[in-house]
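These notes are about the structure you will find just below.
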Amino acid sequence: MHVFVKQVPDISTLEYDPSTLAPRLEKATPRLGESDLVALEAALRIKESWGGEVVVLSAGDGLNELVLREALAMGADRCFYVSDPILSRADAWVTANILSRLSKKAGGADLLLCGEASSDSGNYQLGPRLSEAMGIPCITHAVSVELDGKVVRVRRSLEDRTEILESEAPLIITASLELASPRLPSLLMIKAASKKPMTRVDISELGLEKDLLEPLVERLSVRVLKTARRNIVLDGGPLECAERLVESLVREGVLRA
Amino acid sequence: MMTVLILAGELDELLELRTVADQIGAQDVEALVPDALVDGDTLSSLGLKRVYLLEGFEETPPEELVKIVIDLVKKRGHGLVVGPSKKIYRELFARTAQNLSSPCLTDCTSLESVEGSLVAERPFLGGGYVERLAIKRLPALLTIQLMGRRPQTREKGSLEMVRLGRLSTEDLRLRRVAVEKVERRGADLAKARVVVSVGRGFKRREDLKMAEDLAQLLGAELACSRPIASDLGWMPEEKHVGLSGKWISPQLYIAIGISGQVQHMVGVRNSRIIVAVNNDTSAPIHREADYSVPLDLYQFIPALIKVLRERGARVA
Ligand SMILES: Cc1cc2nc3c(=O)[nH]c(=O)nc-3n(C[C@H](O)[C@H](O)[C@H](O)COP(=O)(O)OP(=O)(O)OC[C@H]3O[C@@H](n4cnc5c(N)ncnc54)[C@H](O)[C@@H]3O)c2cc1C
């Protein structure tokens, strides 16, 4: 199994520069994306129930090995990664091109899993793009995955329906946040992870033609979204508070009493 | 001259996406819609040149729709393909884009033409930020975050309708063994004036009754945070608001037992007034609310219902 993970800034502690409104990404704490960890957890459970090896793949600019080791601490066996400045400008197209080659370089897999969307860009594109690039079918937004002999059975959840799909390997699956809760590695597992193999692959080893590395989208700017709110705290007991709230909403013109 | 192809499964989606084509001054606009959507009157006043009607649109999986879209885009030379930000369209567009060596942007909140090139904005970093992106190659495929935009009315024009036959499901590598439709309930959240929204502060499913009563009293629609729909299954997925759900802009948004993470707040940022009911004074929602009620919802909601009843208060 191959699991794709992305190093992303921890959004919960991210700050912005009040003069430019841009995020201070250089100061952010790196972590692995939420739904990537869910995909990894799902792969680990498959490994525990049905066997197999879990290989983690990642691509980014200035990747931190300690962050990638968290995936190994959770129970993945090995890691292959590309860390290259080219990825700081990469769009979904370039990322998919690099990761599809990296997966081949790492020996290919029967099951390929990734998060439904990254925690920073939230493109929802990696799984479907890999599917087209690699010629492997893909099931997006999985909320459960089971193996039944050679058959992989996936339940996916869409806005207006849930579907159960079946396929044989090779198959790409994108994990919905609800597929599994990522385990917290124990101290013992963290220790064991330091001995697991990590292979840094140079981007030139992937044999990507120039146009496959040329982004089709350019980021011009990023700014924080702020909406001024009044932040009026209503105090008192439930009834008092309710009275005050209703009065305020009548004054605001949204309620009539 | 830019030609645009709109993909939409519902009339409301088509209407909203039509405004996007206007924003970039597109002249030549076509649409691909389910054949069930034929409403000649509305369609012909949208200023569309051509509408493709696809039988079985809804049931056709993205990996099959890819072929139709690629075919159309290649034949007609569309510079831009737009669709609603829903899971199926995001997948369809990403696949089509990879195939055509094209850019795909999901969840766009705006699109403009700047000195001849397309510039889009979309949520970034969980929705607390916006990124502004220049599109470097056409055709580009964009899913648009629906927010209730409405197109200008136009004179009725001539409209060519082209029927596309049902596709055979060729990809035998994926088998759909079961499909469960989720029953639609209530009105469209995007149009609601008042929304009562529930989060994990509710301990049991039965307790949502309180919120339903409140919503009914206010003539409000009921919405929820993502975990209430997706983790707990207490509400249908189409009722969850936020980054990965609906984006709404009611006059009044009452968030009950919701912590207010960025991924939630981005979907309600355009509300006129936000009321937060949360007994943890350090919950982020209190910083993003107009009125904060730092009380236990189990005590406050019954009190609010009582006061509203006594006063005979209703939505203005
Ligand atoms: C990629 C991604 C996309 C996401 N998209 C969305 C999205 O679109 N929409 C969304 O909502 N979330 C989304 N999330 C999840 C989001 O980060 C939060 O986890 C989620 O919004 C939390 O839901 P909640 O507020 O209901 O639950 P919690 O965070 O658990 O908050 C419950 C709140 O209830 C309060 N509470 C508890 N008991 C009471 C009581 N008796 N009275 C009053 N208050 C009480 C608590 O103080 C707490 O603040 C996304 C996450 C990711 C990573």
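Restricting B:Tyr291, B:Tyr298 to those that are facing chain A (nearest Cβ under 7 Å), under 17 Å from A:Glu243 (Cα atoms) and either buried (at least 22 other Cβ atoms within 10 Å of the Cβ) or within 12 Å of the ligand (Cβ to nearest atom) (or both) reduces the list to B:Tyr291.
It is to be established whether one or more residues within the stretch B:261-278 are charged (D, E, K, R) and assigned to a helix (DSSP H, G or I). Don't jump to the end; show me each part of the working.
Applying the first criterion (charged (D, E, K, R)) to the stretch B:261-278 yields B:269, B:272.
Now drop any that are not assigned to a helix (DSSP H, G or I), which leaves none.
No: the stretch B:261-278 contains no residue that is charged (D, E, K, R) and assigned to a helix (DSSP H, G or I).
Table: residues versus (1) in a loop (DSSP other than H, G, I, E, B); (2) within 8 Å of the ligand (Cβ to nearest atom); (3) crowded, with 22+ Cβ neighbours inside 10 Å; (4) in contact (Cβ under 8 Å) with a residue 12 or more places away in the chain.
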site	(1), (2), (3), (4)
B:Leu217	no, no, no, yes
B:Leu222	no, no, no, yes
B:Ile228	no, yes, yes, yes
B:Gly233	yes, no, no, no
B:Glu238	no, no, no, yes
B:Ser244	yes, yes, yes, yes
B:Ile248	yes, no, yes, yes
B:Tyr253	no, no, yes, yes
B:Ser259	yes, yes, no, yes
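Looking only at residues in the stretch A:114-142 that are in contact with a Leu (Cβ under 8 Å, 6 or more places away or on another chain) and charged (D, E, K, R), the one that is nearest to the other protein chains (Cβ to nearest Cβ) is A:Asp120. Considering the conditions (1) facing chain B (nearest Cβ under 9 Å); (2) out of contact with any Gly (no Cβ under 6 Å at 6 or more places or on another chain), A:Val145 is excluded by exactly one of them, (1).
In the set B:Val275, B:Val182, B:Val195, which member is surrounded by fewer than 22 Cβ atoms within 10 Å (Cβ to Cβ), of a type in the set (Val, Ile, Thr) and away from the ligand (no atom under 11 Å from the Cβ)? Break it down into steps so the answer makes sense when it comes.
Values: B:Val275 fails: surrounded by fewer than 22 Cβ atoms within 10 Å (Cβ to Cβ); B:Val195 fails: surrounded by fewer than 22 Cβ atoms within 10 Å (Cβ to Cβ).
Selected residue: B:Val182, the only one of B:Val275, B:Val182, B:Val195 that is surrounded by fewer than 22 Cβ atoms within 10 Å (Cβ to Cβ), of a type in the set (Val, Ile, Thr) and away from the ligand (no atom under 11 Å from the Cβ).
Scanning the stretch A:112-138 for residues that are surrounded by fewer than 23 Cβ atoms within 10 Å (Cβ to Cβ) and more than 16 Å from the ligand (Cβ to nearest atom) yields A:Glu132, A:Ala133, A:Met134, A:Gly135, A:Ile136, A:Pro137. Pairs meeting the criteria (first residue in the stretch A:105-128 and assigned by TED's automatic domain parsing to the domain that holds A:Leu87, second residue within 11 Å of the ligand (Cβ to nearest atom) and β-branched (Val, Ile, Thr), beta carbons under 7 Å, at least 6 apart or on different chains) are A:Gly115/A:Val38; A:Ser118/A:Val8; A:Ser119/A:Val8; A:Ser119/A:Ile11; A:Asp120/A:Val8. Would you check if there is a residue in the stretch B:209-219 being of a type in the set (Asp, Glu) and more than 26 Å from B:Leu125 (Cα to Cα)? Checked the stretch B:209-219: at least one residue is of a type in the set (Asp, Glu) and more than 26 Å from B:Leu125 (Cα to Cα). Within the stretch A:26-50, the residues that satisfy the criterion of being aliphatic (A, V, I, L, M), more than 13 Å from the ligand (Cβ to nearest atom) and closer than 25 Å to A:Leu147 by Cβ are A:Leu40, A:Ala42, A:Ala43, A:Leu44, A:Ile46. Residues in the stretch A:14-38 that are part of a strand (DSSP E or B) and within 13 Å of chain B (Cβ to nearest Cβ): A:Tyr16, A:Pro23, A:Arg31. Taking the stated definitions as given, is A:Ser100 more than 8 Å from chain B (Cβ to nearest Cβ) and in a helix (DSSP H, G or I)? Against the criterion (more than 8 Å from chain B (Cβ to nearest Cβ) and in a helix (DSSP H, G or I)), A:Ser100 qualifies.
For the stretch B:69-129, the strands (runs of 3 or more DSSP E) that sit wholly inside it and include 3 or more residues that are at pLDDT 95 or above and surrounded by 22 or more Cβ atoms within 10 Å (Cβ to Cβ) are B:80-84, B:104-108, B:117-124. Of the residues making up the stretch A:81-100, those that are closer than 19 Å to A:Glu53 by Cα and surrounded by fewer than 22 Cβ atoms within 10 Å (Cβ to Cβ) number 1.
Give the residue, chosen from B:Leu11, B:Leu5, B:Leu43, that is out of contact with any strand residue (DSSP E or B) (no Cβ under 7 Å at 6 or more places or on another chain) and among the hydrophobic types (A, V, I, L, M, F, W, C).
On the way: B:Leu5 fails: out of contact with any strand residue (DSSP E or B) (no Cβ under 7 Å at 6 or more places or on another chain); B:Leu43 fails: out of contact with any strand residue (DSSP E or B) (no Cβ under 7 Å at 6 or more places or on another chain).
Of B:Leu11, B:Leu5, B:Leu43, the one residue that is out of contact with any strand residue (DSSP E or B) (no Cβ under 7 Å at 6 or more places or on another chain) and among the hydrophobic types (A, V, I, L, M, F, W, C) is B:Leu11.
In the set (1) closer than 18 Å to A:Gly236 by Cβ; (2) more than 9 Å from every other protein chain (Cβ to nearest Cβ); (3) part of a loop (DSSP other than H, G, I, E, B); (4) more than 8 Å from the ligand (Cβ to nearest atom), the condition left unmet by B:Thr281 is number (2). Against the conditions (1) surrounded by 13 or more Cβ atoms within 10 Å (Cβ to Cβ); (2) assigned by TED's automatic domain parsing to the domain that holds A:Ala71; (3) of a type in the set (S, T, N, Q), A:Ser248 satisfies every one except (2). B:Val177 passes every criterion in (1) in a strand (DSSP E or B); (2) away from chain A (no Cβ under 11 Å); (3) without any contact (Cβ under 8 Å) to a residue 24 or more places away in the chain apart from (2).
The values are calculated or read from the model by the stated rules, or taken from the named source; none is laboratory data. The shown structure was predicted, so the numbers you read here are calculated from the model rather than taken from an experiment. Note that we place each Cβ from the backbone using ideal geometry, even for glycine, and neighbour counts take in every protein chain shown.
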